[in-house]
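Chemist: Just dropping this structure here.
The values are calculated or read from the model by the stated rules, or taken from the named source; none is laboratory data. Computed from a predicted model, the values in this text were never measured in an experiment. Neighbour counts run over all protein chains shown; Cβ positions are idealised from the backbone, glycine included. All accessible areas refer to the heavy atoms of the entire protein, side chains included, with ligands and DNA or RNA removed. Shrake-Rupley method; radii C 1.70, N 1.55, O 1.52, S 1.80 Å.
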Amino acid sequence: MPTDGGSDRIFALQEEVQQLKEAVVSHAVVDQAIGMVVALGRISPDQGWAVLKEVSQHTNIKLRNVAELILVWGRTGVMPEEIRAALEDALDRAGPTQIPGSPPET
């Protein structure tokens, strides 16, 4: 029979499992948004991550929430003006990169 210490441990483990589940979902949302930013801006995944962080910092919106708004935009075409403007600015600063296998720009 579990003692109070055992039930406390079970509760702590249940909380930890829940936090890990949320982290996995959050990670997937951020990764998908990075993919959209990469395709949109023709930038590397590292640059896509930097763009998401920059948008989050400039709008004072949590990175996961910025990522969710970008995914909603991908489905609906609707994006809050503040996010759109910050995303455009960040992508302009990141600049397009050369697509692998394409001829150099002249």
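Chemist: Taking R0 as 35 Å, what's the FRET efficiency between Glu22 and Arg93 from their Cβ-Cβ distance, rounded to 0.05?
Modeler: 0.65
Chemist: Here is a further query. For segment 64-71, just list the computed ³J(HN,Hα) in residue order, Karplus coefficients 6.51, -1.76 and 1.60, θ = phi - 60°, integers in Hz, with x standing in for Gly and Pro.
Modeler: 4, 5, 4, 4, 4, 5, 5, 5
Chemist: When all protein chains stay in place, what accessible area (Å², nearest 10, 1.4 Å probe) is found for Thr76?
Modeler: Roughly 90 Å² of Thr76 is accessible to a 1.4 Å probe.
Chemist: Can you give me the distance in nm between label points at Asp31 and Val78, each placed 7 Å from the Cα along the Cα-to-Cβ direction?
Modeler: 2.9
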